[in-house]
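Let me begin by presenting the structure, written as structure tokens, before commenting on it.
The values are calculated or read from the model by the stated rules, or taken from the named source; none is laboratory data. Computed from a prediction, not measured in an experiment: that's the story for all the values here. Please note: Cβ atoms are built from the backbone with ideal geometry, for glycine as well, and neighbour counts cover all protein chains shown. All accessible areas refer to the heavy atoms of the entire protein, side chains included, with ligands and DNA or RNA removed. Shrake-Rupley method; radii C 1.70, N 1.55, O 1.52, S 1.80 Å.
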Amino acid sequence: MKKNWRMVLLSGAVLTVAACGPQEDGDVEESASGTSADKLVIWEDAEKAIGIEKAVAAFEDMHGIEIEVIEKEYGGQLEDLRLDGPAGSGPDVLTIPHDQIGTAVVEGLLAPLEVDDEVTGRFTEESLLSQTVDGEVYGLPKAVETTILFYNKELVDEPPQTLDEWYELSKERVAEGEYGFVAKWDEIYYAMSVIGGGGGYIFPQNEDGQYDVNDIGLANEGAIEGGTYIQTFFEEGLFPAGIVGEQGTNVLDSLFTEGKAAAVISGPWSFEPYARAGIDYGVLPLPALADGEPMSSFLGVKSYNVSSYSQNAELAQEFVEFLTNEENSLDRFEQTREIPPLTSLVEHPAIAEDEHAAAVSEQSLYATMTPNNPEMAEVWTPIDNALGLIATGRTDVQEALEEAVQTIESQIEANHSQN
């Protein structure tokens, strides 16, 4: 699910496209969306349009306009905007993951928002920071997500509290021909919970929120320790070989929904699919590490953003502010179960008493924001390749991680030295 849009960001064409972005060459008027002032086009996340139906109808009535909502996978919307925006067939408003913000701003694809304190004050500090680049706000957060533990209640009466306990349970189940705990640890998105536990990191963040891209902590002592721990699960056959690679997520989901794995690490995007599969599952924050410390995870923020190609940017911004107010955010949560990062809703009973939302909220306390700087695009594939080698035992852990860091450094130098 997350792989595709990350791959897009790795394109060496990014900076080439950036050179002709609408904000840099001033041709916004000529290349703007073909929508008229009495119509807005919204790209909403796939299968999530139901969450804004009421808000859309209300906004149409308020302004006497038409709003066309088109569902698209949110991870690929920025890629589509690169082509559809200049062609005049793009949206006024789109939704993207926050770690695409930095690249989108460099390319000039997003319009900065002029929002007052009443609007910015709605959101948790970190979620709003995810939309901020060089002091300007480029979107308003609509939902936060992070990874949590799903366990099958029919297979586990009392879920273990630590990773080591899950390791022991996994050995018992594998001996019986089934699996215990399974995770997609050949991808840094999931593996960072272990890599980071010992002190690994991607880029350190300065007090002003800027990332130091010259300091990559993915091959330090803590990262190597984490990588070695990950390799243990594969070497001992506690994880099936089939979960490595692009089809690994499908394999992991199948193991869980067919009752062959007692627990998996996934995210809120699995709530509905696992329920539809008829699994009686529970959700919990991630298990503790061997030293008793909580496992970390990546915190992701989905947002609504205004396209630089929009001819109706002012109205589009007003719509984005309307979509993310308290009433509409609560309605969207009730329709989609995606958690809005509004401070006023943190303790609302509809969210606080929801088992799914509570697990995500608690894990979010230990989560760190996925870096949203453009250099992050150079991280995903090299480190995922290294983790793949570690998972399959084809190379030494330290060697794999050091080579990954060298590749990341080279790509940053080649593609971002002018930033």
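When all protein chains stay in place, what accessible area (Å², nearest 10, 1.4 Å probe) is found for residue 62? The accessible area comes out at roughly 110 Å². Rolling a 1.4 angstrom probe over the chain with all protein chains present gives an accessible area of which 46% lies on carbon and sulfur atoms. Summarised as an ellipsoid, the range 355-400 has semi-axes of 29, 17, 8 Å, derived from the eigenvalues of the Cα gyration tensor scaled by 5 and square-rooted, with the largest first. Each residue, residue 66 and residue 87, gets one label point 7 Å from its Cα in the Cβ direction; the gap between the two is 2.1 nm. Residues considered: 61, 253, 331. Largest GNM mean-square fluctuation over the chain, using C-alpha springs under 10 Å, is found at 61. The fraction of Cα-Cα pairs per 5 angstrom bin, counted from 0 for the range 287-419, comes to 2, 8, 11, 12, 14, 15, 12, 11, 9, 5, 1, 0 percent, rounded to whole percents.
As a length-normalised measure over Cα pairs under 8 Å and 6 or more apart, the relative contact order of the range 44-91 settles at 42 percent.
On a 25 Å Cα-Cα criterion, which of the cross-link pairs 153/184; 54/302; 48/260; 260/302; 184/260; 48/153 come out too long? Can you show the working numbers first?
Details: 153/184 21 Å; 54/302 20 Å; 48/260 30 Å; 260/302 32 Å; 184/260 16 Å; 48/153 28 Å.
Going by Cα-Cα distance, 48/260; 260/302; 48/153 fall outside the 25 Å limit.
Considering only 157, 186, 80, the Gaussian network model of the chain with Cα springs below 10 Å gives its largest mean-square fluctuation to 157. Taking label points 7 Å from Cα along the Cα-to-Cβ direction, residue 214 and residue 228 give a separation of 3.1 nm.
Rounded to the nearest 500, the 222 nm mean residue ellipticity of the chain from helices alone is -12000 deg cm²/dmol, with -39,500 (n - 2.57) taken per DSSP H run of at least 4 residues. Taking 7 Å steps out from each Cα toward its Cβ at residue 154 and residue 53 produces label points 3.1 nm apart. Computed extension length for residue 116-residue 275: 53.2 nm, one decimal, from 0.36 nm per residue of separation with the Cα-Cα distance subtracted. Here nothing in the chain passes the span test, since no DSSP H helix has an alpha carbon length of 20 Å or more along the helix axis and a Kyte-Doolittle mean of 1.0 or above.
Using a 1.4 angstrom probe, figure out how much accessible area the range 265-365 has per residue, in square angstrom, rounded to the nearest whole.
38
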